[in-house]
Structures are given as structure tokens and as C-alpha cells.
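Q: Pasting a structure below so you can have a look.
The values are calculated or read from the model by the stated rules, or taken from the named source; none is laboratory data. Remember, predicted model here, so these are calculated numbers, not experimental data. Counting neighbours? That spans all protein chains shown, and the Cβs are built from the backbone with ideal geometry, glycine included. To get the accessible areas, we keep the full protein, side chains included, count just its heavy atoms, and leave off ligands, DNA and RNA. Shrake-Rupley method; radii C 1.70, N 1.55, O 1.52, S 1.80 Å.
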Amino acid sequence: MLGGDRLALARLITLVENRSAAVPEIMRAVHARAQRGYVVGVTGPPGAGKSTVVDRLTAALRGEGQTVGIVAVDPSSPFTGGAVLGDRIRMQAHTLDPGVFIRSMATRGAFGGVARATGQVIKLLAAFGFDWILIETVGVGQTELDIMKLADTTVVVLVPEAGDAVQAMKAGLLEAADVFVVNKADRPGAPALMAELAFTAHLQYTGTTGPRDIDWEIPVLSAEAQNDVGTGEVLREIRRHRAALETTGALAERRRQRRRVELSRLLVEEFTASVERKLRSGDLARTFDDVAEGVVDPYSAAESILKRMISLGDS
């Protein structure tokens with residue numbers, strides 16, 4: 001894969017998605033090259049036209065000779081656990097382009113709009129050498145904010161119908177957004193939605209909401225992605241946000257913080273898996289039974305288990 005074999009990349013992504021035992025070894029092998037590429041998240045409610053925005057951004061980047069890796073996070077099939085929509089339907093114009101790699105991933109029950117393995121797949125795409133990595137999240141409304149933890153720039157796509165401005169504020173998408181795009185802007189209600197979003201973004205910018213690592217007021221853009229109207233301006237604002245992050249050192253600091261969070265998550269996952277293994281082998285069954293019967297309180301039991309696990313690790 002590190003030599004440019006796309007089939008090897010696809011196979012590694014499958015191993016990561018299936019949580020193969022080889023995942024730690026794979027991640028160690030790509031670590032030195034996994035910080036390349038710039039990650040853009042595209043999120044928003046269902047029907048906002050996120051796939052079309054990603055398609056148009058990809059076309060613009062390819063026109064400049066940039067390479068693009070795309071991860072489209074789809075709902076899981078209740079029958080197979082695989083992605084329902086799939087990259088066969090999306091972005092068909094790019095499927096034969098050697099400078100574009102498209103992969104659909106199933107959420108497999110993961111909340112937050114992003115499949116569990118998406119962060120690891122981003123690392124694989126970065127190590128492969130893609131200049132840009134575009135992540136389109138599942139349109140599930142209020143639980144899409146996980147994209148903030150993965151993307152360097154997050155684009156929130158909304159449409160005039162269905163009171164999206166209210167939903168944006170309720171769902172916390174205002175917190176996630178680095179760029180707002182009102183797609184299908186030829187429809188009634190678009191100017192009113194843009195004005196409302198611009199007012200809210202300005203309030204957030206001027207309000208005392210805590211320290212910011214960059215001086216950035218969320219731009220509100222109009223687009224008709226289906227007709228390739230406005231996508232050039234979207235790309236310009238993404239680049240402007242990237243420049244703001246890079247010149248202030250905020251991009252490097254955010255990525256450092258992301259790696260800290262990843263380590264914390266891995267430690268929790270490994271400890272939980274270790275406890276579950278001990279439980280299955282019967283070592284901790286008595287303690288769990290005592291808690292279940294009310295003989296021991298959960299806090300004392302947790303402290304006892306933690307001490308036992310640490311002592312086993314030391315030995």
C-alpha cells in the first residue's frame with residue numbers, strides 16, 4: 001500500500017473496518033506517514049446534497065492536479081451490516097480517475113454520524129499520499145458532531161426547507177461548523193436562512209464563548225451544487241480556514257490534541273477488553289455476581305478490579 005497499490009489500500013481498509021487482529025500492526029506501519037493530507041468533513045441533515053458538494057469539490061481539486069481520498073459514511077444495512085448506498089451510486093464520474101479513491105463505510109450502529117473505523121481509514125488514506133481527504137457523514141441530525149474530532153475543516157451543508165437553521169442550532173452544528181453552505185439556494189427561503197445563519201455566526205464570533213485558537217467568523221455561502229454553482233467559493237473558504245490554522249500553529253496543536261484523545265480512547269478500550277476477557281474466563285465472575293446481588297457496592301468492586309488488573313500487569 002505504501003508503494004501506491006490501490007488494491008492493497010482497499011484490502012487494508014477492509015481489515016480495519018472488520019476490526020481485524022492485525023489493526024495495531026497496520027497502524028504502527030503507517031504511523032510515520034499518517035499525518036499527511038488535509039481532512040475536510042462534510043456534514044448536515046439528510047437530503048442537503050452533501051454527496052453532490054463532495055463530488056463538485058473533488059472535481060475542482062482534480063482540476064488543479066490534487067489527489068483526493070473520499071470516505072462516504074453510509075447507514076448500515078440491517079441484513080449485511082454493509083453500507084446501504086455504496087460508492088457505486090455516488091460520484092460516478094470519478095470512479096475511473098486514478099487520482100481519486102472512493103470508499104463507502106457502514107456506521108454499523110456507531111452514533112455520531114461517523115463509522116468507528118473512520119479515523120483509522122483517514123490515516124491509511126493519508127499514508128497512501130492523498131493531498132485531500134474528504135469525509136461525508138451520515139445525515140442523522142443531532143448526532144453528527146463526531147466529525148469535529150476527525151476533520152481539520154468542517155463544512156455544514158443546509159437547505160432552505162425543514163427549518164434547518166433551527167435544527168443547526170439545536171443540534172450543535174454551529175459548534176461543528178467552520179463553513180456554512182446553504183445548498184439548493186435557488187429555492188424559496190434561501191436568503192432568509194442565510195441571513196439567520198450569518199446573524200447567529202456573528203453573534204457567536206463577537207460573543208464571549210471562551211478562548212479561540214484562531215480568529216475566525218463562520219462564513220455563510222450559497223450554492224447550487226447540482227449545477228456546480230458556488231462550489232469554487234466553498235473551496236476558497238476551506239483554503240482560507242486552512243491557512244488560518246496553519247499560520248497560527250492551531251492545526252498542529254489540534255492534531256496533537258487529537259492524538260492525545262486517541263491514546264486515551266485506546267487505553268479505555270484495551271482495559272475494557274481486558275476486564276471482559278477476565279470475566280469470560282471466570283476470574284472476575286464472583287465480583288460481578290456480588291455487585292449484582294447487592295453484596296458489594298459498584299465503586300468498591302471497581303476499585304478492587306482496577307487494583308487486581310494493575311497488579312496482574314506489573315507481574
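Q: Which of the numbered conditions does Asn227 fail, given that it passes all the others? Conditions: (1) of a type in the set (S, T, N, Q); (2) under 23 Å from the mean Cα position of the chain (by Cα); (3) under 19 Å from Val155 (Cβ atoms).
A: Of the numbered conditions (1) of a type in the set (S, T, N, Q); (2) under 23 Å from the mean Cα position of the chain (by Cα); (3) under 19 Å from Val155 (Cβ atoms), the odd one out for Asn227 is (2).
Q: Further question on the same structure: For Arg308, only one of the following conditions fails: (1) at pLDDT below 85; (2) within 33 Å of the chain's Cα centre (by Cα). What is its number?
A: The one condition Arg308 does not meet is (2).
Q: Would you confirm whether or not the stretch 208-221 contains a residue that is open to solvent by 90 Å² or more (accessible area, probe 1.4 Å) and under 24 Å from Ala34 (Cβ atoms)?
A: Within the stretch 208-221 (the criterion being open to solvent by 90 Å² or more (accessible area, probe 1.4 Å) and under 24 Å from Ala34 (Cβ atoms)), the answer is no, since none of the residues qualifies.
Q: Hey, another quick one. Within the stretch 200-218, is there a residue that is touching a residue at least 60 places away in the same chain (Cβ under 8 Å) and under 30 Å from Ala60 (Cβ atoms)?
A: Checked against the condition, which is being touching a residue at least 60 places away in the same chain (Cβ under 8 Å) and under 30 Å from Ala60 (Cβ atoms), the stretch 200-218 yields no hits at all.
Q: Further question: List the residue pairs whose Cβ atoms are under 6 Å apart, where the first residue sits in the stretch 146-161 and is assigned to a loop (DSSP other than H, G, I, E, B), the second is open to solvent by less than 10 Å² (accessible area, probe 1.4 Å) and of a type in the set (Ser, Thr, Tyr), and the two are 6 or more positions apart or on different chains.
A: Cβ pairs passing all conditions: Asp152/Tyr38.
Q: Still on this structure, please answer the following. For Glu144, only one of the following conditions fails: (1) crowded, with 21+ Cβ neighbours inside 10 Å; (2) over 30 Å from Gln66 (Cα atoms); (3) modelled with pLDDT under 85. What is its number?
A: In the conditions (1) crowded, with 21+ Cβ neighbours inside 10 Å; (2) over 30 Å from Gln66 (Cα atoms); (3) modelled with pLDDT under 85, Glu144 misses (2) alone.
Q: While we're on this one: On the given criteria, is Arg242 among the basic types (Lys, Arg), modelled with pLDDT of 85 or more, open to solvent by 80 Å² or more (accessible area, probe 1.4 Å) and part of a helix (DSSP H, G or I)?
A: It is false that Arg242 is among the basic types (Lys, Arg), modelled with pLDDT of 85 or more, open to solvent by 80 Å² or more (accessible area, probe 1.4 Å) and part of a helix (DSSP H, G or I).
Q: Only one residue in Arg280, Arg286, Arg259, Arg308 is part of a helix (DSSP H, G or I) and either in contact (Cβ under 8 Å) with a residue 60 or more places away in the chain or open to solvent by less than 90 Å² (accessible area, probe 1.4 Å) (or both), so which one is that?
A: Matching residue, one of Arg280, Arg286, Arg259, Arg308: Arg308.
Q: Return the residues of the stretch 9-50 that are polar (S, T, N, Q), open to solvent by 30 Å² or more (accessible area, probe 1.4 Å) and touching a residue at least 12 places away in the same chain (Cβ under 8 Å); say none if nothing qualifies.
A: Gln35
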